[in-house]
Each structure stands twice: as structure tokens, then as C-alpha cells.
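For reference, the structure discussed in these notes is given below.
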Amino acid sequence: MDRLQIAFFGATNSGKSTLVNALAGQEVSLVSELPGTTTDPVRKVIELPELGPCVLVDTAGYGDPGTLGAERERRSRAVIDSTDIAVLLRSDHPEDDRWLQMFQTAQIPVVELRSQAGKAPVQEVIPDLIRNLQAVRPDQKERLLTGGLVGKDDIVVLVMPQDSEAPKGRLILPQVQILRELLDLGCIPVCCQPDGLQRALDGLHSRPALTITDSQAFAKVNATLPPDWPLTSFSILLAGAKGDIKAFVDGAKAIDTLRPGDHVLIAEACTHVPDTEDIGRIKIPNLLRKRVNGDLQVTIAAGNDFPDDLTPYSLIIQCGGCVASERLLRSRIKKALLAGVPITNYGIALAALNGILNRVSIPE
Ligand SMILES: Nc1nc2c(ncn2[C@@H]2O[C@H](COP(=O)(O)OP(=O)(O)O)[C@@H](O)[C@H]2O)c(=O)[nH]1
Ligand code: SF4
Ligand SMILES: [Mg+2]
């Protein structure tokens, strides 16, 4: 389950940091009487009653003059995309209403508070704040990653390359999550690396209900597996549970209309990318260049940085989003569709580039 992201907005010195610190019960970000002490959003994971694990995001807010102020404001705005609940600290600042409008446009529930800076002790607002957060919390649907594709007693083959890109001594999160879900569902998972797939299949007495592969091994797995045996990838399952997979499948069609010189945006949802750096930054761009038979302009956006203007791009390819929230992925899809730019993701793009998009199983 994603942690609920609660982000605090308001004018400089309205008391955001003080409130976050009081909620978290410890120093999270520097509280100061000088405007604009908090620059980058500061995150703190805490557990709140009835809300479960939450990430509190203390933003720099708005209303600080100068270029640094504009940069702080831009970084605060970028937080909106991944916010589940916005807390707006009102201090009669002329920008307060404009920010409220932005939350409403993004369909984010808002808790509005009067700034108590220099007035009542911050502790007085905490019980009300928690009650209001509980009241507006969005429903968190638990969705199955393998949505409708497998059931009890099904044999499911997992192809998981453990090459130099794989972290040492452990499996990556999507593999762990899907393996756990299969066990919970009463399936019989059979794990192998790409080279072991044929032997794994030879050893089975009945045909697997599904084979799930790392997208990087799509071509090899597709060549080994009989064509009518269901096949999908970890990233397709992940995208299905977190975003609008139909938009991604639709967006992948744009791969066929790309031309040399076109601009492609690779959007990574986090800044630590050891697992998939090679896919997004090297492998996919190279496959695309080969496909268009020429060069392409490729821009990488990492973490919260997603360009405000998407119109220069002919295609956006979003990463698997293993640590991204559903809200973030959906908001990016929405922005892309509004700008009229096709958007797909790593897994779907790789399936399309390998010519097997029609062959893969898509979760419900
Ligand atoms: N009395 C009182 N003072 C507050 C409260 N919240 C903030 N302050 C004071 O207002 C100033 C600015 O607070 P800060 O949390 O840094 O504001 P931010 O810029 O919105 O993060 C600091 O001097 C705080 O001590 C509050 O609820 N009650
Ligand atoms: S969130 Fe995206 S960029 Fe970050 S590790 Fe996961 S797939 Fe890679
Ligand atoms: Mg602050």
C-alpha cells in the first residue's frame, strides 16, 4: 500500500514547518523567523491514527520575493502531483486562493487552516487537524497487481534476470511484491533466470497460467515460450495497478510514427535509479533510434521534475514507477493527454519495440 502523502502549503512564515514538526513530534525541518528557510520540500514518514503510514511534506510555500523565491515556489508546485491530501495554511496572503484553486483542479482533498503564527500555541490545532485529515482521506483501494490474470493453484513462471544491474543479495521490489501476491493467492510460483526458462518449462507437468518476465528479457522469453502461452511483464503489472494502462498501450502506438529528430521525454519517478537506469537512459533510446533509423533528441526528467510544457515532445515514456504513487502516475498521464502528447511506459514501450505488444496479457 502506498503511504498517504500529506503536503503542507501556505505563504512563507505561515507556520508550515512548525506544524509539521509538531505533528511529527520532532525536528523535521528548520523553523525560523526569517522568511524562506525551507527550500526543498522536506519529507518525514510518520504513523497517524486511522491514517496509517503517512509522508508529511513540508514545502517552501509561496510569497517569497526574488528568483530564489520563484524557484522555491516551483519546487513546491511540483509536490502537488504526488500529494494525496493538501494542508493549506491561510494567512490572508493574496496567493492563498490561487493555491486552493490548484488543489481543486488536481482534485486533491484540502484541509484549510488559519495560520496561528505568533498567536495560539501550535499544539492547539493538532487534534482538529488530525480529525480533518481523517475526514477527507481518499479511499485507498487495494488492487491486485496480477488483476484477474491468475487464480488459486495456477502455476506462474517468473523470469527474473539477476545480472550486474540487479542489486546485490536481494530481489527488487516489484519481484518481491508479485511473488508475495502469488503466494497469497495460492498460486505456485516457479522462478528462473532467462537462461533457465526452457529447463523450467520442461520440468512442468502442466502449462503455466502465466509467465511474468522482466521487460528486459521480453524478446528471449517470447522466443522460448509457445506463442499461445500467456505472457506479461513485471512493469506491465505494476503499471496496471497504478496507472491507466490503456493510455500507456495507446501511447505506445506513437512509437511507429516517430521520425528522426523528434524529441522524446523519459520520465523517471525517483532520483535513485540503479535498477533501471540502463533501460530508460540507454536501452530504450537506442532501440528507438534503431526503429526510426536516425537520431532522436532524448531528455531525461528525474524525480519530481516533470516539465510544465510538454508540447515539444512527440512521446513521453514513463518509468515503471516502482516507488511512485498512483496519484503521481495518473497526474502525469492526465497532463500528457491534456497536452496531446502520447505517453507510455518502459514495459509497454519495450513490448512494442519487440513487436509483441499484441501478445502480452494486460491486467484488468
Ligand atoms: N504561536 C505560534 N507561533 C507559530 C505557529 N506556527 C509558526 N509560528 C512561528 O512563526 C514563525 C514561522 O514559522 P515557520 O513554521 O518557520 O513558517 P513556514 O515558513 O511556513 O515554515 C516561527 O517563528 C514560528 O515559531 C503557531 O502555531 N503558533
Ligand atoms: S520509480 Fe522509476 S526511476 Fe525510480 S527505481 Fe522505480 S522504475 Fe526506476
Ligand atoms: Mg518552513
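The values are calculated or read from the model by the stated rules, or taken from the named source; none is laboratory data. Since the structure is predicted, the reported quantities are computational estimates derived from the model, not experimental observations. FYI the Cβ positions are ideal-geometry reconstructions off the backbone, even for glycines, and counts take in every protein chain you see.
For segment 211-218, the count of residues that are in contact with a Phe, Trp or Tyr (Cβ under 8 Å, 6 or more places away or on another chain) and of a type in the set (Gly, Ala, Ser) is nonzero.
Candidates are the residues of segment 16-34 that are at pLDDT below 90 and buried (at least 16 other Cβ atoms within 10 Å of the Cβ); the one that is farthest from ligand 3 (Cβ to nearest atom) is ALA24.
Note on segment 148-179: among residues that are touching a helix residue (DSSP H, G or I) at 6+ places or on another chain (Cβ under 7 Å) and hydrophobic (A, V, I, L, M, F, W, C), the one that is surrounded by the most Cβ atoms within 10 Å (Cβ to Cβ) is VAL159.
Being small (Gly, Ala, Ser), assigned by TED's automatic domain parsing to the domain that holds ALA22 and touching a residue at least 24 places away in the same chain (Cβ under 8 Å), is that true of even one residue in segment 161-175? No, the conditions are met nowhere in segment 161-175.
Residue-by-condition table, conditions (1) among the hydroxyl-bearing types (Ser, Thr, Tyr); (2) in a helix (DSSP H, G or I); (3) in contact with a strand residue (DSSP E or B) (Cβ under 8 Å, 6 or more places away or on another chain):
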| position | (1), (2), (3) |
| --- | --- |
| LEU183 | no, yes, yes |
| GLY196 | no, yes, no |
| HIS205 | no, no, no |
| PHE218 | no, yes, yes |
| PRO227 | no, no, no |
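Of the residues screened, ALA252 is one that is crowded, with 20+ Cβ neighbours inside 10 Å and not assigned by TED's automatic domain parsing to the domain that holds ILE172. I'd like to know if segment 72-86 contains one or more residues that are at pLDDT below 95, among the charged types (D, E, K, R) and within 13 Å of ligand 1 (Cβ to nearest atom). The answer is yes; a qualifying residue exists.
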